[in-house]
Each structure stands twice: as C-alpha cells, then as structure tokens.
1. For the chain, what is the relative contact order in percent, using Cα pairs closer than 8 Å and at least 6 residues apart in sequence?
2. In which sequence would Leu93, Leu101, Leu342 go, from the one with the fewest C-beta neighbours within 10 Å to the one with the most?
3. Estimate the FRET efficiency between His463 and Thr222 by the formula 1/(1 + (r/R0)^6), using the beta-carbon distance for r and 41 Å for R0, to the nearest 0.05.
4. Going by how many other beta carbons lie within 10 Å of each one, how would you line up Val402, Val304, fewest first?
5. Round to the nearest 10 and give me the degree value, 0 to 90, for the angle of helix 15-32's Cα axis relative to the longest principal axis of the chain.
6. Are there trypsin sites (Lys or Arg not before Pro) in segment 223-290 that DSSP puts in a loop and that have at most 14 other Cβ atoms within 10 Å, and which ones?
7. Using only DSSP helix segments of four residues or longer, with each worth -39500 (n - 2.57), what per-residue ellipticity at 222 nm results for the chain after dividing by its residue count and rounding to 500?
8. Determine the distance separating the Cα centre of segment 357-395 from the Cα centre of segment 25-99; give it in Å without decimals.
Amino acid sequence: MEKKPESMISSRTDLSHELLLQKADQSVSTAAAAVDQTYRLHYHFMPQAYWMNDPNGLVFFDGYYHVFYQHHPYSPDWGPMHWGHARTKDFLLWEHLPIALAPSEDYDRDGCFSGSAVVDQGALYLFYTGHRVVQGRAIQVQCRAASLDGLTFVKDPLNPLIRQHPPEGSCDFRDPKVWKHGGTWFMALGSGKDGIGRVLLYRSSDLSHWEYVGVFAESDGTQGTIWECPDVFRLGEKHVLVVSPIGREPRRVLYFVGDVDYRSGTFVADYSRELDHGSDFYAAQSFFGTDRRILLAWMDAWDVDIPSKKDNWAGALTLPRELLLGRDGSLRFRPLPELRGLRKDHCFTTNMALDGAEHRFSAFDLQEAGLEIHWQLDLENTTAAQFGILFLDARSFAQFSVGFRRRGEELYVDAGRLGVFSAEVSPTGETRDLRIFVDRSSVEVFADGGAVSITARVYPSSHKLFPTLFAADGQLRTVRMDRWSLAK
Ligand code: FRU
C-alpha cells in the first residue's frame, strides 16, 4: 500500500535514531570549540569539526538552499557515515543544523552513504544508500528519509526501498540521484561491473516503489571501473550526466553532454570531458536553485594527505558554481555572483608590460581574508613561454602559483608538494580572462569564461603572501588586473 508522506513522518518517533543524532551533534560541538584555525576557510563551506566528504541532498526548500554532506562526527578520518546538514540563503553565511541521518538500522548500520533530495507535496525526501559490511563484503541498498520541516528526518519503515543490485550492477551500488520527468520519478545509481563503470536507472510513480529500467550509461572502457555519485540534469536544450569514477587516472569527475532517451532509459552522449582539472574536486552534485543550476563538489580527495586532520577537521566544499552551456556546447562554470558580496579593498592595475623581470604586488594576509584576482591578459602581445602569478612568502619562496606554459596553451596550478595540475586552454580571441579565488587553504582558477577550471587545496606555511607576476622567455602584457580581499 502506498504510504503518504504525513503518515510516514508522524507514525514513528524514532527514538534510537534521535539519540544517535544527539550524541553525534554533541561530539561535533565539543570538538568544534577546540578546532585550530590555521587552515580554516574564510568563505568555503566546511564542517564545524571532524571529517566530511561528498555534498549530498542539495535542495532548495522553504526559502533556503540546503546542503547535506557525508560526515563522520567522531574523528577527522572517514568512518561510519552520517549526513551533516546546513542551510544558507546566499552561499556566504551558512547555518549549521543538527545532523540529519545517522546509521541506526541494520540496513545502514555501517553508514548512510551519499544521495540526493527531492521535494514532493510539501515534504522533503532524502534518498541515500544504506551501507553494511557482511563477511568482508559490502551490501548497499537504497533508502529514504522524510521531513516536513526540513530539520528532522524520519527513515521510511519500508526501507530498504531497493534491496538488491540488478545483474548489470555489482555490490558497488550507491549514491541515488532522484529527479522527475513528465510525472515519473527517476533514480540514477552509480555502479560498475567487470571493470566498466555504469549508471543504472530506476523509475517510480510514488517515490516508494522502484522498478529497474536498465543501464543508463556506461564507460567506454577508459572512463573508470566504478562510477560513483551520478548526477543527471537538463541544461538548456541538452542533458548532462556527471560521474565520479574510480579506476581512472587521474581521478577526475567526468561530464557527458547529450540527451536522455526516456523511452529506452538511456543517456546518449555527444562527448565527455573532465569537469575540473585539479586534484581536489570530487563527488560533484548539482541542484536547481530557483532559476539556475548550481554545482558544488567535495574540495578534497581520497587517498591524499589532509594536513588539517591534525587540527581535528578535514574536508570542505568548492565554491558554488553556476553551470551554463557555452556556444560550442561545452559546460561553463560561473562562480555565483553572490560571492561579490565578500569583496573588499579593491585594487587594480592596467596596461602592464613585463619582460623577464617580476612584479611584486603588496602583501595580503591569509589569516585576515582570502583573495580574488580577475586577470585579463593581452594574448596577442604576450610572447612569454611561461608566465603567471607566484604567491611568494617573505623569503621569496613560492608557496603556490598559477600560470600558463607553452605560450599560453596550458593553464596550471602548482600546489607545491601536493602536485602540479594542468589543463589545455584554447586561445580564443585576443584577451584571456582568468579568475582566481584563494582561501586559507585552497585555490580555484577559472579560465576562458569558465570553460576550464582547476581546484586544489594548498597549505601555505606562511600566511603573509605577495602575489608576484612573472614572465619567462618573452613578454607578458596585461590589459587589466583587479584584486579584492574576500572576507565575511
Ligand atoms: C564518493 C563516495 C560515494 C559514497 C561515499 C561514502 O566519494 O565513495 O560513492 O557514497 O563516498 O562516504
């Protein structure tokens, strides 16, 4: 029998879940009081304390953008996953809310894994993967929780709603993304089989009973062995599929632009690309926030050293980015205009020429604020083989840098011992636009109108930094460079 949202929510007071949530919140607030500030970010979302990874359940509900996230509320390392919860009206000020989901049932006893949210008839539903390990093997099932106030969530007594992966999948069967099309609900699930990453599709008329449709999309053999965190959405006249692949080097989120064929239940891709070219951009998820498609990703990565763990926290989200389709059909990122609300102390320089030497701008202090740079390059008159901005400490040591190699055809971020990340850029027009956002322990770069981005964590050992322009083997011409400090 179909359950109405009201009865699902009011027929249960889930005492054990509630107690587990209270215990988790208590643990986080105690740790938050003592978190070391060294690498804390000024204007990116991060947990109050302890571990976070993927953004989950992004949804606009009751006048707020809600963000849930994979959270371990007992240590700065990954552990049994809870869903942390926060909301914002402007992506600048975040309100931390009580943890929404804790592992409390047999089917999710080792973790409430990633998923998404939808609003239906006034109720907010979270879809997530219940994870447990039985005799060394993962069992992953799909579950739902509901809320009327957007603050407290009750797990569905019908859980798990999907108990078994189909033959085309494997025990890696997770991260439900739910959306509605023409009166029918659809759910995309990440999976993989025999070394081929896959997205599996389900459909439902009531959000409770799910019918398997088939393989929605799969790797061509070079795009990963398991696809995590699928996201599917319409953008303009096209559809976009985003997946986070395991088993592909480098490990970068991929996007496919194409069309959904709802009759066959498949995604027909025109082409695929890396969504961001940095090391610290994973498990991206988007949502439709009133009139635009906004995307956030986990601004960290698996299997890397995260120095802030010693300060009792780890993980953050990228800047919120609006997604647009370029005229050539490729995706463009635009950091949300709301971020301009953080700008202070505007300085600018026009018509600068640099030949071999360096030009050092005044210092900024990362403890006080972040930094935004908007750099318009005169490509036509730039001949340097390599050029960019070094972020120098007082001893003239580059803590990290952003620049171009191969006469402007390759954009890079040098994050020091954490690596160098680069991307091809196409010389379109005579001016090149670069936007750089530096926070206490991160750098995000957007080039060519947002067609290329590189996101990386950086952990400078000095907080007073001098942005310094350099050019090697030729001349660098700048049309204009604007700089702002960014602080709340
Ligand atoms: C992606 C991921 C998801 C999973 C979650 C567990 O980073 O591995 O596939 O649901 O993290 O925390």
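1. It rounds to 13 percent for the chain.
2. Numbers: Leu93 11, Leu101 29, Leu342 18.
Neighbour counts put them in this order, fewest first: Leu93, Leu342, Leu101.
3. 0.50
4. On the way: Val402 25, Val304 12.
Fewest-to-most Cβ neighbours within 10 Å comes out as Val304, Val402.
5. Result, in degrees: 20.
6. Passing both the DSSP loop test and the Cβ count: Arg263.
7. -1500 deg cm²/dmol
8. Between the Cα centres of segment 357-395 and segment 25-99 lies a distance of 32 Å.
No lab work stands behind these numbers, since they all come straight from the coordinates. Remember, it's a predicted structure, so these values are computed and weren't measured experimentally. FYI the Cβ positions are ideal-geometry reconstructions off the backbone, even for glycines, and counts take in every protein chain you see.
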